[in-house]
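Take a look at the structure below.
The values are calculated or read from the model by the stated rules, or taken from the named source; none is laboratory data. In this text the structure is predicted, and so the values were computed from the model without any measurement. Methodologically, a virtual Cβ is constructed for each residue, glycine included, from the backbone with ideal geometry; neighbour enumeration extends over all protein chains shown. Only protein heavy atoms, including side chains, enter the accessible area calculation; ligands, DNA and RNA are left aside. Shrake-Rupley method; radii C 1.70, N 1.55, O 1.52, S 1.80 Å.
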Amino acid sequence: MATRDLSGAGGGDRRGDLLFMGLFMLCAAGVIVVDIFSVLHDRARFGQPVAWWEPTVWEVSSGLVLAALLPGMLWLIRRWPPRLERPFSWIAVHIAGGLAFSLIHVVAMGLLRSATYRHVGGVYHPLGPLGDWPYELRKDLLIYAGALVGYPLWRQFRARQVPPASQADILE
């Protein structure tokens, strides 16, 4: 198996990438659960209670879109990894990538929410989250930055853990 390139722009360690995505989404799931209960608590405290399913739809739709976008983010990070030399090129790519990630995330979660609300007889404007894009952008850029820092560190960690490909692996 000749797919052990863990450091370059190539595909590399597929199992390690899947494990990273799983751990990343496990952390996201923890945040989703906390956010659901926080919304329920805050809304009730301020006299604007909502049914439990609404913040669940809001947060889970965000998590599902994040899960769908994560492989593309990781591809972009592999293709233009953070490096000390020529920092402006990869920084520009990731600024554009972060903005695109956020815009797609916000629009797609609005569409998912709208479909879910329609299914239960409610109304949710599909592009409504775009009205809060600056709010969402802050959170999305933090997520993107976490992947931009965490993924290369994860790949370095994996490179030290996975033994070099043996001749038998290469012939398989």
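May I ask you to list the residues in segment 106-132 that are buried (at least 16 other Cβ atoms within 10 Å of the Cβ), of a type in the set (A, V, I, L, M, F, W, C) and touching a Phe, Trp or Tyr at 6+ places or on another chain (Cβ under 9 Å)? Passing the criteria: Val106, Met109. Taken together, the residues in segment 95-126 that are in a helix (DSSP H, G or I) and touching a helix residue (DSSP H, G or I) at 6+ places or on another chain (Cβ under 6 Å) amount to 12. For segment 63-83, the condition holds for no residue, the condition being that it is open to solvent by 50 Å² or more (accessible area, probe 1.4 Å), at pLDDT 95 or above, under 23 Å from Val39 (Cβ atoms) and not in a helix (DSSP H, G or I). Here segment 38-49 is the region considered, the condition is being within 26 Å of the chain's Cα centre (by Cα) and either touching a residue at least 12 places away in the same chain (Cβ under 8 Å) or exposed (fewer than 11 other Cβ atoms within 10 Å of the Cβ) (or both), and the residue that is farthest from Ile143 (Cα to Cα) is Leu40.
Just one of the listed residues (Ala165, Ala159) is surrounded by 16 or more Cβ atoms within 10 Å (Cβ to Cβ) and modelled with pLDDT under 95, namely Ala159. With respect to (1) closer than 23 Å to Gly30 by Cβ; (2) touching a Phe, Trp or Tyr at 6+ places or on another chain (Cβ under 7 Å); (3) basic (Lys, Arg), the lone exception for Arg83 is condition (1).
So is Met1 assigned to a helix (DSSP H, G or I), of a type outside the set (Gly, Ala, Ser) and either modelled with pLDDT under 95 or under 19 Å from the mean Cα position of the chain (by Cα) (or both) or not? When the stated conditions are applied, Met1 does not pass them.
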